[in-house]
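**Student:** Have a look at the structure that comes next, please.
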Amino acid sequence: MVLKTMVGFGRGLALVTLAVTNLVMLAVSAVVLVLCFGLGMIFLFPATVRMVRGRARQARQIAGAWSGVEIDAPYSPAPPPPQPQRDGWYREGRQLYRTSLVPSFNRTWNWMTKDPATWRDFAWLLAEPPVGGLLAASPLIMVGCGVALVRVWQPVEVLAGVVLAIAGVLVAPRIARVHGLWTRLLLAPTKKARLANEVRHLTQVHTEAVDSQAAELRRIERDLHDGAQARLVAIGMTLGAAEELVDSDPTAAKALIAKVREASAASLIELRQLVRGIHPPVLAERGLGDAVRALALDSPLKVTVSVELPVRPEAPVESAAYFVITELLANASRHGDARNVAVDISHRRSALRVTVTDDGHGGADPSRGSGLRGIERRLSAFDGVLALNSPPGGPTVATVELPRAFPADAVRRSTLPVWKQRLLAVCWGLFWLPLFPQGLAAMFSKIFGSDVRSWFLALYLPEPFQWPVILGMIALGVAMVSFAVMTTKQMKEREGSCV
Amino acid sequence: MRVVLAEDLYLLRDGLVRLLQAHGFEIVAAVESGPELLRALLDERPEVAVVDVRLPPTFTDEGLQAALTARRAIPGLPVLVLSQHVEQLYARELLADGTGGVGYLLKDRVFNSGQFVDAVRRVASGGTAMDPDVIAKLLASNARHEPLGKLTPREREVLELMAEGRSNAAIAQRLYLSESAVSKHTANIFAKLDLAVSDDDNRRVLAVLTYLNGTRG
């Protein structure tokens, strides 16, 4: 408690100090902005923005570390550097430049000025000293004022001073959080920025998915064209020749037919391999668990597989997970020099989770291994993530999580039992009946002594039962509607966390 | 010999019927879906069944499941399973009850009608017929296993053929050896793998397959 309070005061003091440094930056920024937009010295602008962003980043980190208020960076991603044309010049709009200096400055300028986050940063820089600084200093000020009041030594002032000082002490541990919330107000991405980022991410994922699909189709086309198709042509030709020879030279015809049989067997083998690459037959026939078991049997490593899945995941996810596991197993034997591998397939709500643990020598690095990059690309189409923990010396643990892996209705069914669904429907459909006519309407009718009894059940009963029945009806109606609202909310939350 | 046949592609079913009839088999039922197959197996109790793994209505492993169910009801019911691809996993499931009378071949093997018919007869008589691809995969995944490394190349060849389910006579013919040489190799193999020798061909094959399957967890 004491420690927490002390830490609170310390942090408040530190935040105040930082807020004061804002004043310096604010002065610099003001000068730069005047120089920029007044005198056209725009080359000063990017450096200033970078400085302010640095300070804002620090404030976000402090908010996250001290108060648990996580604030994402709101900026749009930096533009790519300009690429020279084939003649070595740089084109920017309708102008050509000899070096990349001006076009790259233009891009940076546009990127910074058109991003609302830049201007929100400046606004925060301006508002932080008076608002954030005062907030952070408030416990100290309260205690200080309290002490000053006590020293006046008048009964009322002493009381007020003690209260103020105690309030200051109580507020101190919480002030970092309040300050964090204030920081979030201006430094967090706006809804628009968030959506823009999401759209950018989805566009990228979409492009990658389409690209890899197209590449896959091209590969299949090439394989079929060079393989099975060519072989079938050869088979047809050889059969034609055999047909010619069958009367004049039966032995030669027989030899040709034997060759045809060989060629057809070879094309079958080729097609089988191709099919395995597109969609492994065991996966189609048995699902992910048995497909991975089959994979484990064929692997030279000792692979143990444990599978715990309520239903089969959606086909595309299943296929992605299968190929990812294939790649991880291959990596384990190729690079990791592993002997034993454990594959664990489970689910968490609607997400599919795969853990591959091997006893190899570790040291795998996603930024270097192209195989791991491929896995990440394959996963990104499904919003999946790969977490790799591979210290040098091993063991390597690769965890893959694919959200939304199971059919939506299967998960919903498993989260809400049938009887509850029926009860929910009854509650939503009939709650008005006890609540309004039988409850409230009957109550008003009774209060105002109206003669109209209509179909209000309670009013037909003997006097002593009337009030209990009316109140009971209202209570029943309220209970029904609150159950319905709560359950629906819960259901939505669960779905929300699945989706 | 009474045969039940299950294959969903008409051309292939027709071809198999012709092929088997030409070799003196009697086709008592030629069906095209999983439920039909199970009914035929249980009602007709054929001397051997030739079954495609993937059948309607689900086009998953319908045929294999029907065959396994029927074998649970009628232990030792001879079943030869055909597939476009072979998996160790399925071979294990077929061999799991240890009663023999099972076969598991790629569809390509039908091309060589002599060998295919031979395999059908072998399965019908309670033997096994495993596809060379299955055996190759089995041996490859056992590659790190110590005793297998001690076999000479010739012994390995004999082991492969034996695991496919062939008799000593057939192995001798294949490898151009005398039958006594083959039985000497077999004795060596069994000694090196520490298996009990058995005179019965079928039981011998099962012992080898169980050994190969059992060395991996």
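**Student:** Please determine, in degrees from 0 to 90 and to the nearest 10, the orientation of helix A:175-187 with respect to the longest principal axis defined by the Cα atoms of chain A, where the helix direction is its Cα long axis.
**Tutor:** On a 0 to 90 degree scale, this one is about 60.
**Student:** Less than 15 Å Cβ to Cβ from B:Arg121, Lys/Arg counted +1 and Asp/Glu -1: what total charge do the surrounding residues give?
**Tutor:** On the way: positive: B:Arg2, B:Arg109, B:Arg122, B:Arg166; negative: B:Glu26, B:Glu47, B:Asp118, B:Glu164, B:Asp201.
Combined, the nearby Lys, Arg, Asp and Glu give -1.
**Student:** About the Cα centre of region A:415-498, how large is the charge dipole given +1 on each Lys and Arg Cβ and -1 on each Asp and Glu Cβ? Please answer in debye to the nearest 20.
**Tutor:** On the way: 7 positive and 4 negative charges, 55 e Å.
For region A:415-498, the charge dipole is close to 260 debye.
**Student:** Please compute the Kirkwood hydrodynamic radius over region A:415-498, one decimal place, Å, based on all pairs of different Cα atoms. Kindly include the intermediate steps, with their values, before the conclusion.
**Tutor:** Numbers: mean 1/r = 0.0704 Å⁻¹.
For region A:415-498, the Kirkwood estimate is 14.2 Å.
**Student:** How many Å² of accessible area per residue for region A:286-410, probe 1.4 Å?
**Tutor:** Details: 5580 Å² over 125 residues.
Roughly 45 Å² per residue, with all protein chains present.
**Student:** Along the charge dipole of the protein assembly as shown, pointing to its positive end and built from +1/-1 on Cβ of Lys, Arg, Asp and Glu, which listed residue (A:Leu181, B:Ser180, A:Leu459) has its Cα farthest out?
**Tutor:** Positive-most Cα among the choices belongs to A:Leu181.
**Student:** Measure nothing but the geometry: give the 0 to 90° angle between the long axis through the Cα atoms of A:2-39 and the longest principal axis through the Cα atoms of chain A, rounded to 10°.
**Tutor:** Tilt relative to chain A: about 80 degrees.
**Student:** Still on this model: Relative to the Cα centre, what is the charge dipole magnitude of region A:277-359, using +1 at the beta carbon of each Lys and Arg, -1 at the beta carbon of each Asp and Glu, and rounding to the nearest 20 debye? All intermediate terms of the calculation are to be shown ahead of the outcome.
**Tutor:** On the way: 9 positive and 11 negative charges, 31 e Å.
Taking the Cα centre of region A:277-359 as origin, the dipole is about 140 debye.
**Student:** Quick one: accessible area per residue over region A:415-498, 1.4 Å probe, rounded to a whole number of Å²? Could the numbers behind the result be given before it?
**Tutor:** Numbers: 5330 Å² over 84 residues.
Here the per-residue accessible area is 63 Å².
**Student:** About the Cα centre of the protein assembly as shown, what is the dipole size in debye to 20, counting +1 per Lys and Arg Cβ and -1 per Asp and Glu Cβ, all else neutral? The partial results should precede the final answer.
**Tutor:** Values: 79 positive and 70 negative charges, 674 e Å.
I would put it at about 3240 debye.
**Student:** Would you mind giving the average projected area, over all directions, of the Cα convex hull of region A:200-278 in nm² with one decimal? If you can, show how the numbers build up before the last one.
**Tutor:** On the way: hull surface 21.9 nm².
Mean projected area of the Cα convex hull: 5.5 nm².
**Student:** Report for the protein assembly as shown the percent antiparallel among DSSP-assigned beta bridges with both residues inside it, nearest 5. Don't skip to the end; give the middle numbers.
**Tutor:** Numbers: 23 of 50 bridges.
Bridges in the protein assembly as shown that DSSP calls antiparallel: roughly 45 percent.
**Student:** Right, another one. Working from Cα positions, state the angle (0 to 90°, nearest 10) between the long axis of helix A:315-334 and the longest principal axis of chain A.
**Tutor:** 70
**Student:** For A:Asp359, what residues show an amide H to amide H distance below 5 Å, using hydrogens built from the backbone and excluding near sequence neighbours?
**Tutor:** A:Arg339, A:Asn340
**Student:** Also: In 20 Å bins starting at 0, how do the alpha-carbon pair distances of the protein assembly as shown split up by percent?
**Tutor:** The calculated distribution, bin by bin, is 12, 28, 27, 21, 11, 2, 0.
**Student:** Let me ask something else about it. Counting only Cα, what are the radius of gyration and maximum Cα-Cα distance Dmax of region A:91-176, in Å?
**Tutor:** So, for region A:91-176, Rg and Dmax equal 25.7, 81 Å respectively.
**Student:** Same structure, new question: Quote the total accessible area buried by chains A and B together, excluding ligands, DNA and RNA, probe 1.4 Å, nearest 100 Å². All intermediate terms of the calculation are to be shown ahead of the outcome.
**Tutor:** Values: alone 29930 and 10250 Å², together 38100 Å².
For A against B, buried area totals roughly 2100 Å².
**Student:** Using a 1.4 angstrom probe and counting only protein chains, how large is the accessible area of A:Thr118 in Å², to 10?
**Tutor:** Its heavy atoms expose roughly 0 Å² to the probe.
**Student:** Region A:298-374 to region A:219-246: how many Å between their Cα centroids?
**Tutor:** Answer, in whole Å: 39.
**Student:** Now for a different question. Roughly speaking, what % of Cα-Cα pairs in region A:286-410 are separated by over 22 Å, rounded to a whole number?
**Tutor:** Values: 2265 of 7750 pairs.
I get 29 percent for the Cα pairs in region A:286-410 exceeding 22 Å.
**Student:** Would you please state the base-10 log of I(q)/I(0) at q = 0.11, 0.17, 0.18 1/Å for chain B, with intensities from the Debye formula using one equal scatterer on every alpha carbon?
**Tutor:** The Debye formula, applied to the Cα set alone, gives -0.52, -1.14, -1.25.
**Student:** Additional query: Among A:Lys191/A:Lys420; A:Lys254/B:Lys107; A:Lys446/A:Lys489; A:Lys254/B:Lys184; A:Lys114/A:Lys191, which pairs are too far apart, with a Cα-Cα distance over 28 Å? Working shown, then result.
**Tutor:** Details: A:Lys191/A:Lys420 36 Å; A:Lys254/B:Lys107 23 Å; A:Lys446/A:Lys489 36 Å; A:Lys254/B:Lys184 38 Å; A:Lys114/A:Lys191 16 Å.
Distance filter (> 28 Å) returns A:Lys191/A:Lys420; A:Lys446/A:Lys489; A:Lys254/B:Lys184.
**Student:** Per residue of chain B, what 222 nm ellipticity follows from adding -39500 (n - 2.57) for every DSSP H run with n ≥ 4, rounded to the nearest 500? Could you put the intermediate results ahead of the total?
**Tutor:** Values: 11 runs with 118 residues, N = 217.
Counting only the DSSP helices, I get -16500 deg cm²/dmol.
**Student:** Among A:Thr396, A:Ala136, A:Gln204, whose Cα sits farthest toward the positive end of the charge dipole of chain A (+1 at Cβ of Lys/Arg, -1 at Cβ of Asp/Glu, about the Cα centre)?
**Tutor:** Farthest towards the positive pole: A:Ala136.
**Student:** Let me ask something else. Return the long-range amide H neighbours of A:Val303 (sequence gap of 5 or more, or a different chain), with a cut-off of under 5 Å between placed amide H atoms.
**Tutor:** A:Val341
**Student:** Here is a follow-up. Which residues of region A:256-292 end up with at least 10 Å² less accessible area in the presence of all protein chains than when their chain stands alone, using a 1.4 Å probe?
**Tutor:** A:Arg261, A:Ser264, A:Ala265, A:Leu268, A:Arg272, A:Arg276, A:Pro281, A:Val282, A:Ala284, A:Glu285, A:Arg286, A:Asp290
**Student:** Probe radius 1.4 Å, ligands and nucleic acids ignored: give me the carbon and sulfur share of the accessible area of chain A as a rounded percent. Spell out each step's value before the answer.
**Tutor:** Numbers: 18740 of 28850 Å².
Result for chain A: 65 percent of the exposed heavy-atom area is carbon or sulfur.
The values are calculated or read from the model by the stated rules, or taken from the named source; none is laboratory data. Here the structure is a predicted model, which means the values were calculated and not measured. Cβ: placed from backbone, ideal geometry, glycine included. Neighbour counts: every protein chain shown. Areas reflect the complete protein model, heavy atoms only, side chains present, ligands, DNA and RNA absent. Shrake-Rupley method; radii C 1.70, N 1.55, O 1.52, S 1.80 Å.
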